[in-house]
Amino acid sequence: MPETDVIIIGSGAAGLTAALTAAGADLEVTVLEKSGLIGGTSAVSGGSIWAPVNRWLLKQGGHDSREDALAYLEAITLGNGDPDLLVAFTDNVNPMLEFVVKHTGIEFEVNPDHPDYQPHLPGAHTGGRTIQGGLFDSSQLPEPLRDRLRKSSSGVPITRLEVDTWGMDTLENWDWTLLADRMSKGIVGMGSALIGELLHGAVQRGAVVRTAAPARELVRDTAGRVCGVAVDGESGTRDILHARRGVVLASGGFEWNPDFVQRFLGRPMVAPASPPANTGDGLAMSIAIGAGLGNMSEAWWGPMIQPTGDSYDNAPLFRPTSSLRTLPGGLIVNARGRRFVNEAMNYNDMAKALANFDPVAYSYPNQPCWLVFDERFRKSYSVATCTPDSPTPNWMATASTLAELARTVGIDPDGLEHQVREFNSHAVRGEDPEFHRGESVYDTYRGDARVIPNRTLRPLEEGPYYAVPLLLGCLGTKGGPLTDASGQVIDIWGTPIPGLFACGNVAASAFGTGYPGAGATLAAGMTFGYLAGQALAAS
Amino acid sequence: MISGTHTVEIDTSPEALWDYLMEFDNWAQFVVGFQKFRIVDERTSVWTLRGDVGVLAREVDLEVVMLEQEPGRRATYSITGITERLEGTGTFEISPRGASGAQAASAARQAADAEPSTMERRKRQSWWRRLVRRWALATLRRQHGEYARAQRAESSASRSSGPAGSASAQTGAAVGLGAVFTFALEVTPGGPMAPMVEMLMRPLLAPSAEDFSTRIREQLEGTSHARD
Ligand SMILES: Cc1cc2nc3c(=O)[nH]c(=O)nc-3n(C[C@H](O)[C@H](O)[C@H](O)COP(=O)(O)OP(=O)(O)OC[C@H]3O[C@@H](n4cnc5c(N)ncnc54)[C@H](O)[C@@H]3O)c2cc1C
């Protein structure tokens, strides 16, 4: 029977950090990846990592403290987070980063301006907790892994800081000649670069990464210890791979499993932005052996655009709208033509408003909803990949008047006209008395600095007008097996399951319903991956 | 501007090939990423193509307008992106096979080798562009596998249409009824992302042109079963 010390299920950032840690401790590691490509959601992500009290901030003279971090985490989890996990995260995120820096070529930079996602909460900071890496030259990877490194839907080799500098929604300002040159050389950026670095570090330390190798079942010995995995081979065989030390579940969320979504998520989520291999396999495997579950109704929510006809990995491509929603000259309305939320709010919390339930009408009144904007907006910003000079795509409705636009897409025309009049009457002064858009430091991190006095607000001006549907989506779900502070899975009675660990979106997130700041999901996944790797090395 | 040209010999008369080409239904499915097309009027049609670049795929609508046509010999179409910024042309050229046909094929091949200057001179640039660039990649990978199989299967017929003309055309050995068919595609992506689009599409155009013309030959000669 083939044997190794540690099996990692899933090659996202959580799994590869566990792999790097275990391989760095001289353990024999095999990573099983279901897809033909390595990196999962992590590879299509922005690659930002949220790390309170990080040394890159402190080096710049910024300040932060463990107390602030813990106070903020308690507040953002509404006091429901497991304190042991929150402490474990806070105390280990920086050691994890030091370890990763030491064992890979990653160089991080702090983003001093990216505010926490709820900057008014106790312990929140207005910048400096988000760090971002650079580019990665994928030609460093050995064949065949080089061609198996997953790239984002755009595949554009750009850094997060360049995106911030050139403008996320002003694609015409990007240096496309430079980007094309990088791409021709096999250079990748953001999440792909993070995965490339972790993968490179792990394989240099002897880890084996198998693609197109979906794990199907956990194998236990007579004492109940998880000691292996049943894995499908390319030739259709099912083999048992034995693990001397244990198994780490790092197979991402269940957002692409409609049955699980319907059973577990409390909201009608229809637009997952991750690659479609995340079908909750790890969740199913852990349920099968009696894991305790937590946070099952939660996800890293977000309102998504679906440019019809775009697909990724043969599944519909849903694109996040982080900064698009914050731009002046647009607003979001439901079918009654009414706004219902501060459009510039962080995506996780804003999207929850898309799922509000009206008990009288017995429906979700904000589903569907649309981003409505004017001609100046259309001529100023890119909407998904539609640049201002591109022809208007068929997924973007347009009409010369607001009423006509409303009729075209199914909004109440009177409601929309009335809403825009009301919105404009305040926006002209840069104000939004109803939802306070543009008042928080988070809102104004984005927007358009050329628009004053409020960079996220101005009245809608001349037509033609445009509407794009926004869908309730997520970056990934974050409910699953409960773990202790070392990442070890605990069973339904609270007892650790020997030999089984979980990290990343497959596991119950320590952050509960909250999203602390940009990079918090990768940070948590990597930190608990690191802790699991350490625990396995010590076992 | 990026381009791709391919020439094949086909065992059919130039007239029959012309009639075949004038019916889009006959070959639309051989266009990389083909989804659907709609005839607008005598000269104009609108095409929806799906292009793949790696794991990303996108559908693009293109307007195709007949620019010039010399029945039995040549037809040129302009291609303009409706949903993406791109322009281009696609040209069919037909000549009879035989001694002069062989020369025509070899001339066509030389023209293909000298593509950039020839194309600039002709001032009929661009085509499918960025759409195709993306869609073409994944699709072509798939098609290449099939095509390679088809080529292996028919290697005994020794009618390979390698880059720039078949072996039989180059040696002048072809005999009997036949037509030399050249398909040329030129695309100029527009907009700020043009450098990236060009970079991605450049390697795809020549294989697209080859795949297209080869599939037409296979269908007309009844060899498409070789793909299975
Ligand atoms: C567009 C976008 C941008 C984002 N930007 C950021 C950001 O900047 N910072 C941040 O912190 N978060 C970001 N996120 C969220 C973040 O990417 C995810 O939360 C995180 O990557 C999850 O990591 P993971 O390792 O748990 O799972 P994943 O990265 O999804 O990896 C799971 C892997 O497991 C594999 N797998 C599934 N089933 C099996 C099986 N049965 N056997 C073997 N393998 C299996 C999957 O194929 C996948 O490769 C973003 C998300 C998106 C969509």
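The values are calculated or read from the model by the stated rules, or taken from the named source; none is laboratory data. Not measured: the values here are computed from a predicted model. Every residue, glycine as well, gets a Cβ built from its backbone with ideal geometry; the counts of neighbours run over all protein chains shown.
Yes or no, residue by residue, for (1) more than 30 Å from A:ILE497 (Cβ to Cβ); (2) part of a loop (DSSP other than H, G, I, E, B); (3) more than 27 Å from the chain's Cα centre (by Cα):
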site: A:THR177; (1), (2), (3): yes, no, yes
site: A:MET183; (1), (2), (3): yes, no, no
site: A:GLY196; (1), (2), (3): yes, no, no
site: A:HIS200; (1), (2), (3): yes, no, no
site: A:VAL203; (1), (2), (3): no, no, no
site: A:ALA213; (1), (2), (3): no, yes, no
site: A:GLU217; (1), (2), (3): no, no, no
site: A:ALA223; (1), (2), (3): no, yes, yes
site: A:VAL229; (1), (2), (3): no, no, yes
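Kindly establish whether A:SER486 is part of a loop (DSSP other than H, G, I, E, B) and within 23 Å of A:SER42 (Cβ to Cβ). So A:SER486 passes the test. Only one of these is more than 30 Å from B:GLY191 (Cβ to Cβ), surrounded by 15 or more Cβ atoms within 10 Å (Cβ to Cβ) and out of contact with any Lys or Arg (no Cβ under 7 Å at 6 or more places or on another chain): A:GLU375, A:GLU404, A:GLU417. Name it. After applying the criteria, what remains is A:GLU417. Residue count for segment A:306-333 satisfying the condition of being more than 14 Å from chain B (Cβ to nearest Cβ), away from the ligand (no atom under 12 Å from the Cβ) and assigned to a strand (DSSP E or B): 4. Inspect all residues belonging to segment A:45-64 and state whether any of them is of a type in the set (A, V, I, L, M, F, W, C), within 13 Å of A:VAL248 (Cα to Cα), within 14 Å of the ligand (Cβ to nearest atom) and under 22 Å from the mean Cα position of the chain (by Cα). No. Selection of segment A:31-40 for residues being touching an Asp or Glu at 6+ places or on another chain (Cβ under 9 Å) and either more than 14 Å from chain B (Cβ to nearest Cβ) or near the ligand (Cβ under 7 Å from one of its atoms) (or both) yields A:LYS34, A:SER35, A:GLY39, A:GLY40. Take the conditions within 28 Å of A:SER45 (Cβ to Cβ) and among the polar types (S, T, N, Q) and apply them to A:ASN348. Does it pass? It is true that A:ASN348 is within 28 Å of A:SER45 (Cβ to Cβ) and among the polar types (S, T, N, Q). Is it the case that segment A:235-249 has a residue that's touching a strand residue (DSSP E or B) at 6+ places or on another chain (Cβ under 7 Å), crowded, with 24+ Cβ neighbours inside 10 Å and acidic (Asp, Glu)? Taking every residue of segment A:235-249 in turn, none turns out to be touching a strand residue (DSSP E or B) at 6+ places or on another chain (Cβ under 7 Å), crowded, with 24+ Cβ neighbours inside 10 Å and acidic (Asp, Glu). Against the criterion of being more than 25 Å from A:ILE305 (Cα to Cα), within 23 Å of the chain's Cα centre (by Cα), surrounded by 19 or more Cβ atoms within 10 Å (Cβ to Cβ) and modelled with pLDDT of 85 or more, A:LEU149 qualifies. Output yes when any residue across segment A:503-521 is more than 15 Å from the ligand (Cβ to nearest atom), surrounded by 24 or more Cβ atoms within 10 Å (Cβ to Cβ) and either assigned by TED's automatic domain parsing to the domain that holds A:VAL226 or over 23 Å from the mean Cα position of the chain (by Cα) (or both), and no when none is. No, because not a single residue in segment A:503-521 is more than 15 Å from the ligand (Cβ to nearest atom), surrounded by 24 or more Cβ atoms within 10 Å (Cβ to Cβ) and either assigned by TED's automatic domain parsing to the domain that holds A:VAL226 or over 23 Å from the mean Cα position of the chain (by Cα) (or both). If you check A:ASP443, A:ASP484 for being over 30 Å from A:ALA277 (Cα atoms) and charged (D, E, K, R), only one passes: A:ASP443. Here B:PHE34 clears all of (1) in contact (Cβ under 8 Å) with a residue 24 or more places away in the chain; (2) in contact with a helix residue (DSSP H, G or I) (Cβ under 6 Å, 6 or more places away or on another chain); (3) of a type outside the set (Lys, Arg) except the condition numbered (1).
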